[in-house]
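First comes the structure, then the notes that go with it.
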Amino acid sequence: MEKTGRIIKSISGFYDVLDDESEELIRTRARGNFRKRKIKPLVGDKVKFDATGDLGYILEILPRDNSLVRPPIANVDQAIVVTSSAEPNFSSNLLDKILLNIEHNGITPLIYLTKADLLTNEQYLELKQTLSGYHEAGYQVFDDQDSYNEKQVDKLKQTFANKVTVFTGQSGAGKSTLLNHIDKDLGLATAAISQTLNRGKHTTRQVSLFDIFDGLVADTPGFSSIDLQTITPEELPTLYPEFLRYSGECQFRGCRHVNEPNCKVKEELAEGKIMQSRYDNYLYFLNEINSYKKRY
Ligand SMILES: Nc1nc2c(ncn2[C@@H]2O[C@H](COP(=O)(O)OP(=O)(O)OP(=O)(O)O)[C@@H](O)[C@H]2O)c(=O)[nH]1
Ligand SMILES: [Mg+2]
Ligand SMILES: [Zn+2]
């Protein structure tokens, strides 16, 4: 019997599919013809499957709204970018790269600060100032010094309903810890960063979706770096919400906001309406992307 559902977990060649109708979890395998066509089912995929025998079979992957490579997941509505203040240290370069990859896939990013308890008061205030720039750029920011205070965690929970939400960010940033505060029953494994590095692996090893607070929420393995390979130089400036606000007033259509005359983005930068660090990172990324192009 042909049914539809969503893959919520993948373990060594098996895919656990949440049946749309019965809401049961059904273990399936992918048909060989996926492998031949080099299509790999992803967590988050909506599928047609057959569940007549003991083990179901995925028959077809339905068209994806979007898909991320890092972490590997499909059909995502919003991403919680878990950003640590220390251990690992805050990096505006990494945060901006993560935001760009999310924006590139048409997913809404939210920024969630962790580990601010490890900072001095002065360091925290400085970081909070930086993050207020991201808020002004257009992002929702959760920046309490006590990351897991109930009020803030509750506010985050309220964004989950009727959406697929992915938790992403550097390894050791606190994604699993935050999820454990959101739902005490999840009991996800967490580990101090030094242990993680010693063992040479990430604490969370797989992407899996949980059905909580009327939405699907994914914990994912962290990463230490991310690249911008799929973004073109033309697209890059369009992935900055604060540039988009002003680029219509640049003299040139398709202005890259570098050396063009009468560039409104650069005027706003000079006025302090656009963050210098975001703009500096932008120029750096533009160079990086142009250098990928030269290599091919
Ligand atoms: N001091 C402090 N420690 C925290 C905080 N959040 C998380 N930690 C600790 O940081 C370590 C890493 O947390 P995890 O939740 O395992 O990090 P993760 O992002 O899930 O890491 P991966 O699964 O490897 O991607 C653990 O030892 C946590 O107890 C925080 O706000 N303050
Ligand atoms: Mg984890
Ligand atoms: Zn411009």
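The values are calculated or read from the model by the stated rules, or taken from the named source; none is laboratory data. On a predicted model such as this, the values are computed, not experimentally measured, just so you know. Positions of Cβ are generated from backbone atoms using ideal geometry, with glycine treated the same way; all protein chains shown enter the neighbour counts.
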Is it the case that residue 10 is closer than 30 Å to residue 192 by Cβ, assigned by TED's automatic domain parsing to the domain that holds residue 179 and of a type in the set (Ser, Thr, Tyr)? no
Considering each of 147, 171, 132 in turn, give the residue that is under 24 Å from residue 288 (Cα atoms) and among the small types (Gly, Ala, Ser). 171
The correct count of residues that are under 18 Å from the mean Cα position of the chain (by Cα), assigned to a loop (DSSP other than H, G, I, E, B) and surrounded by 13 or more Cβ atoms within 10 Å (Cβ to Cβ) in the range 139-163 is 5
Which residue pairs have Cβ atoms closer than 8 Å, lie 6 or more positions apart in sequence or on different chains, and pair a first residue in the range 218-238 that is modelled with pLDDT of 90 or more and polar (S, T, N, Q) with a second residue that is within 16 Å of ligand 2 (Cβ to nearest atom) and not in a loop (DSSP other than H, G, I, E, B)? 220/73; 220/166; 220/167; 220/168; 220/175
Condition broken by residue 170, with the remaining ones in (1) out of contact with any Pro (no Cβ under 6 Å at 6 or more places or on another chain); (2) near ligand 1 (Cβ under 10 Å from one of its atoms) satisfied: (1)
Tell me, please, whether a residue that is assigned to a loop (DSSP other than H, G, I, E, B), at negative phi and within 15 Å of the chain's Cα centre (by Cα) can be found in the range 183-192. no
Listing of strands (runs of 3 or more DSSP E) fully contained in the range 1-83 that carry 2 or more residues being under 30 Å from residue 142 (Cβ atoms) and of a type in the set (A, V, I, L, M, F, W, C): 2-11
